[in-house]
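Participant: Handing you a structure now.
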Amino acid sequence: MFATFVSVFVLVSSGLLLLFWLRSAAQSVLRQRFEQDYSAEVAEANQLEYLAIRKALAEYPEEIADYAGLLTTLERDYEALTYLLRNAATVHVGRYTRTERLLVMDFQLLRLWVRLKRLVGWPSWRSGLLEMATILEYFGNVVGHRLVTFPSRVSNL
Amino acid sequence: MIGTYDLVIALLSATLSLGAVVVCVREKSFSRYVVLNIYLLYSFAHTLGTLYFIRVYGYESLTYFYFYYTGDAIASIIGYLLIASFFDQMFRRSMFRPYIRPTLAIFFFLVVGVSALFVWRNYSTLYSSFLIELQQNMFFVGVLLTFLLWLSMNYLHAESRRFVLLVSGLGIYFSAHAANYALQFLSSGLKNALTMVPPLAYTLMVALWLYTFWRVPEGEAAVAPVPRPEESLVKVKISSE
């Protein structure tokens with residue numbers, strides 16, 4: 001009986017940790033560096049706020065009171081960036097690449113997780129929002145690189 | 001006779017192990033990750049040895065059985081030493097440094113001692129469910145240690161992208177093994193299907209390590225720094241057309 005209990009405990013905790021490690025590995029693999037960082041330019045040109053939010057969350061989180069507002073802003077940025085990913089300077093109009101699809105899934109899971117935390121009144125949303133902002137930064141870079149590679153729809157300021 | 005799945009996975013994992021060592025040598029980081037490289041080289045030799053023993057003595061032979069399980073036990077010991085080396089590497093610059101090695105050594109001998117005692121007391125039932133239970137517990141210790149490593153890494157803010165990937169690979173390997181043995185213990189009917197999981201978990205870990213040494217530079221931060229808008233070199237905007 002005790003051995004069965006131990007095995008159930010090992011199974012559940014190892015299974016959960018396996019998911020955790022797989023997610024952590026996938027995130028680190030996807031978080032590749034770009035030779036030229038275009039996320040700031042894309043954010044500025046499209047009046048997106050994910051970089052400012054990421055900076056605020058990373059540097060002075062204690063001053064942030066309105067997490068719900070940040071979440072809404074990040075969701076709005078997400079809508080804009082995913083639209084650009086599917087439609088701007090891509091030969092696969094209306095579709096994501098495999099990497100983008102994984103990150104979209106990750107973003108949706110994080111969105112759900114943060115909302116759940118908010119629902120049960122869990123105070124710390126910072127890490128979830130920070131990860132969401134990082135995903136948006138990656139999307140911004142991808143969009144920027146595509147627009148520079150296919151410059152017909154890009155104008156230099 | 002070894003099945004196609006086992007053969008493909010064995011050859012793939014051996015190739016990836018050797019590939020990771022070669023990349024490490026080429027990058028001149030062999031000595032920095034010496035325990036990891038010993039582990040990879042040992043696993044490579046063990047995999048090839050296993051294939052040889054199956055071919056010469058057969059899958060059901062006692063010679064193969066002893067070779068495989070003794071080799072697996074040695075691999076587990078090197079695995080623990082690998083986790084210890086990661087701890088050592090991480091705490092190298094912290095105030096806890098003098099205590100890390102003795103603590104890990106005591107812990108290591110404790111695990112080996114308790115396992116030896118268990119095996120000695122249950123020698124008559126060694127090749128029954130006891131072996132599965134013991135393996136499950138041994139791998140679960142690895143799971144806990146890896147998670148502790150992760151927590152320390154976050155606490156010390158010592159996470160680099162390379163380190164995160166290496167530790168994640170270990171985490172995948174240990175947790176997949178522990179969960180697999182626990183499931184085998186709970187449901188013996190699934191044993192045949194579940195024996196496919198450990199080699200797959202090992203291959204995934206080695207593939208991740210190969211990618212890490214190949215593509216991720218040493219010292220790259222796990223989370224990218226926030227770029228400043230004023231540092232922009234090229235200003236682009238999406239046209240309204």
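Participant: Tally the residues that are surrounded by 10 or more Cβ atoms within 10 Å (Cβ to Cβ) and either among the polar types (S, T, N, Q) or at pLDDT 75 or above (or both), restricting the search to segment B:115-146.
Facilitator: Going through segment B:115-146 one residue at a time, the tally reaches 17.
Participant: Same structure again: When the residues of segment B:50-69 are filtered to those that are in contact with a helix residue (DSSP H, G or I) (Cβ under 6 Å, 6 or more places away or on another chain) and more than 19 Å from residue B:13 (Cα to Cα), which remaining residue is surrounded by the most Cβ atoms within 10 Å (Cβ to Cβ)?
Facilitator: B:64
Participant: All but one of (1) β-branched (Val, Ile, Thr); (2) within 19 Å of the chain's Cα centre (by Cα); (3) surrounded by 13 or more Cβ atoms within 10 Å (Cβ to Cβ) hold for residue A:64; which doesn't?
Facilitator: (2)
Participant: If you don't mind, another one. Among (1) more than 7 Å from every other protein chain (Cβ to nearest Cβ); (2) of a type outside the set (D, E, K, R); (3) surrounded by 22 or more Cβ atoms within 10 Å (Cβ to Cβ), there is one condition residue A:16 misses while meeting the rest; what is its number?
Facilitator: Here residue A:16 meets the rest and fails (3).
Participant: Here's a follow-up. Just to be sure before I move on: is residue A:7 crowded, with 21+ Cβ neighbours inside 10 Å, polar (S, T, N, Q) and facing another protein chain (nearest Cβ under 7 Å) in the structure I sent? Working first, answer last.
Facilitator: On the way: crowded, with 21+ Cβ neighbours inside 10 Å: yes; polar (S, T, N, Q): yes; facing another protein chain (nearest Cβ under 7 Å): yes.
Yes; evaluated as a whole, the condition is true for this residue.
Participant: Looking at (1) out of contact with any Gly (no Cβ under 7 Å at 6 or more places or on another chain); (2) assigned to a helix (DSSP H, G or I); (3) facing chain B (nearest Cβ under 7 Å), which is the only condition residue A:80 fails?
Facilitator: Looking at each condition in turn, residue A:80 falls short on (3).
Participant: Here is a follow-up. How about segment B:1-18: which of its residues are in contact (Cβ under 8 Å) with a residue 40 or more places away in the chain and crowded, with 18+ Cβ neighbours inside 10 Å?
Facilitator: Passing the criteria: B:9, B:10, B:13, B:16, B:17.
The values are calculated or read from the model by the stated rules, or taken from the named source; none is laboratory data. Remember, predicted model here, so these are calculated numbers, not experimental data. FYI the Cβ positions are ideal-geometry reconstructions off the backbone, even for glycines, and counts take in every protein chain you see.
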